[in-house]
1. Got a number for residues in the stretch 208-224 being polar (S, T, N, Q), surrounded by fewer than 19 Cβ atoms within 10 Å (Cβ to Cβ) and touching a Phe, Trp or Tyr at 6+ places or on another chain (Cβ under 9 Å)?
2. Restricting to the stretch 261-271, count the residues that are surrounded by fewer than 23 Cβ atoms within 10 Å (Cβ to Cβ) and either assigned to a strand (DSSP E or B) or touching a Pro at 6+ places or on another chain (Cβ under 7 Å) (or both).
3. Give the residues of the stretch 228-259 that are in contact (Cβ under 8 Å) with a residue 60 or more places away in the chain, hydrophobic (A, V, I, L, M, F, W, C) and farther than 23 Å from H279 by Cβ, sorted by residue number.
4. Restrict the check to the stretch 207-217 and report whether at least one residue is in contact with a His (Cβ under 6 Å, 6 or more places away or on another chain) and closer than 16 Å to G54 by Cβ.
5. What is the one condition in (1) closer than 25 Å to I164 by Cα; (2) aliphatic (A, V, I, L, M); (3) touching a Leu at 6+ places or on another chain (Cβ under 7 Å) that V100 does not satisfy?
6. Kindly provide the set of residues from the stretch 69-108 that are among the charged types (D, E, K, R), under 12 Å from E51 (Cα atoms) and surrounded by 13 or more Cβ atoms within 10 Å (Cβ to Cβ), ordered by number.
7. Within the stretch 196-217, work out how many residues are outside any loop (DSSP other than H, G, I, E, B) and under 14 Å from Y273 (Cα atoms).
8. Quick one: how many residues across the stretch 54-68 are surrounded by 20 or more Cβ atoms within 10 Å (Cβ to Cβ) and either among the aliphatic types (A, V, I, L, M) or touching a residue at least 60 places away in the same chain (Cβ under 8 Å) (or both)?
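The values are calculated or read from the model by the stated rules, or taken from the named source; none is laboratory data. The structure displayed is predicted, hence computed values, not measured ones. Ideal geometry is used to build each Cβ from the backbone, glycine not excepted, and the neighbour counts take in all protein chains shown.
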Amino acid sequence: MSAVRKSLGLLMITLLVGSFVQRAQAADTPDKLKSAIRLIDEYKTPGTEAELSGIYPHPTDPNLYYVLANLRPPYRYGQKPVLPAIYRGSLLTVNREGKVLKATHLADDDFGGMVVTDKHVYVALTTAAEILKLDPETLSVQARFQLPFPAGGLGYDKERNVLIAQLYVEHPNLSVLDAETGAILKTLWSDESAMGLAKIDGDWLCTWASGWDPGSFSELRVIDQDTGHVRERTRLDGVHTSLAPATDGSGNPAFLSLVTVNSSTGETVIRKYQYTGEHNRTPAETSGIAETAKH
């Protein structure tokens, strides 16, 4: 028995040392990633964190954006409705002052993210656990891609023509799907608290949230595209959820993020950040990233 206890003790020491080393390695990268992002704009929203889900910039007007409105907002204790109930289950076109200009009902469901491409609009439904493939002009349903579990975030990789869905129930993972057929090509590791997904300047970006109660925080993470593991991370102000690719006023890579700025009321804004991908940074800025991703 003493030998078993000794072995267990050595195992615990090894695990603790390993955990400490991983935290130390992860702590070496936040400032490097933080220097790659810059807040450049902010938009008002028409609702709270419970009411709103996926976002996407308007393709031609930088003062407009799209946002999905949940059918059954999961309000937390003390939170009050802000978005009129008539908009629930719809895709909204909103201006930078938070005014709804257009609403198109999509489904009697809640949403887990959206993607707009040159050919299609993709919307993830949480209760139905499926992705709707929509016509970009009429928003009519062209196909339904069934998922094994609901998707909490949805991204698109144009170079590979694949969707990346953040599945978060029972077995959290990133599912990589053929954008034309919906076939799951492979699954990658993912953290169950991962939120939005977007490919920006060659990198897969992901938001992560510690929770929703007052005092919660979030991180921006760069995800390894072969394994799903975290390459870099940096802490963000407020709780960031949905992500979408964008550009700044000069056409440089940027992204939008839906941000909870008051966890008590659920108040949200959309922030735009300029982003510099790993391949465009100096060697000093990217040193240690690959090593961190192994852990």
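1. Going through the stretch 208-224, the residues polar (S, T, N, Q) turn out to be 210, 216, 218.
So of that shortlist, the ones also surrounded by fewer than 19 Cβ atoms within 10 Å (Cβ to Cβ) come out as 210, 216.
When the remaining residues are screened for being touching a Phe, Trp or Tyr at 6+ places or on another chain (Cβ under 9 Å), the result is 210.
Here the count works out to 1.
2. Our first condition is that a residue be surrounded by fewer than 23 Cβ atoms within 10 Å (Cβ to Cβ); within the stretch 261-271, this holds for 261-265, 267, 269, 271.
Retained after the next criterion (residues that are either assigned to a strand (DSSP E or B) or touching a Pro at 6+ places or on another chain (Cβ under 7 Å) (or both)): 261-264, 267, 269, 271.
Residues in the stretch 261-271 being surrounded by fewer than 23 Cβ atoms within 10 Å (Cβ to Cβ) and either assigned to a strand (DSSP E or B) or touching a Pro at 6+ places or on another chain (Cβ under 7 Å) (or both): 7 in total.
3. Within the stretch 228-259, V239, L258 qualify.
4. From the stretch 207-217, those in contact with a His (Cβ under 6 Å, 6 or more places away or on another chain) are 207; that's our starting set.
The next check asks that each one be closer than 16 Å to G54 by Cβ; those that pass are 207.
Checked against the condition, which is being in contact with a His (Cβ under 6 Å, 6 or more places away or on another chain) and closer than 16 Å to G54 by Cβ, the stretch 207-217 yields at least one hit.
5. (1)
6. Here is the first cut: in the stretch 69-108, the ones among the charged types (D, E, K, R) are 72, 76, 80, 88, 96-97, 99, 102, 108.
If we keep only those that are under 12 Å from E51 (Cα atoms) as well, we get 72, 76, 80, 88.
The answer is R72, R76, R88.
7. Narrowing the stretch 196-217 to residues outside any loop (DSSP other than H, G, I, E, B): 196-200, 203-209.
This time we only want the ones that are under 14 Å from Y273 (Cα atoms), so: 198-200, 205-207.
Within the stretch 196-217, residues that are outside any loop (DSSP other than H, G, I, E, B) and under 14 Å from Y273 (Cα atoms) number 6.
8. The initial filter retains those residues of the stretch 54-68 that are surrounded by 20 or more Cβ atoms within 10 Å (Cβ to Cβ), namely 54-57, 65-68.
Imposing the further condition that a residue be either among the aliphatic types (A, V, I, L, M) or touching a residue at least 60 places away in the same chain (Cβ under 8 Å) (or both) reduces the set to 54-57, 65, 67-68.
Matching residues across the stretch 54-68 total 7.
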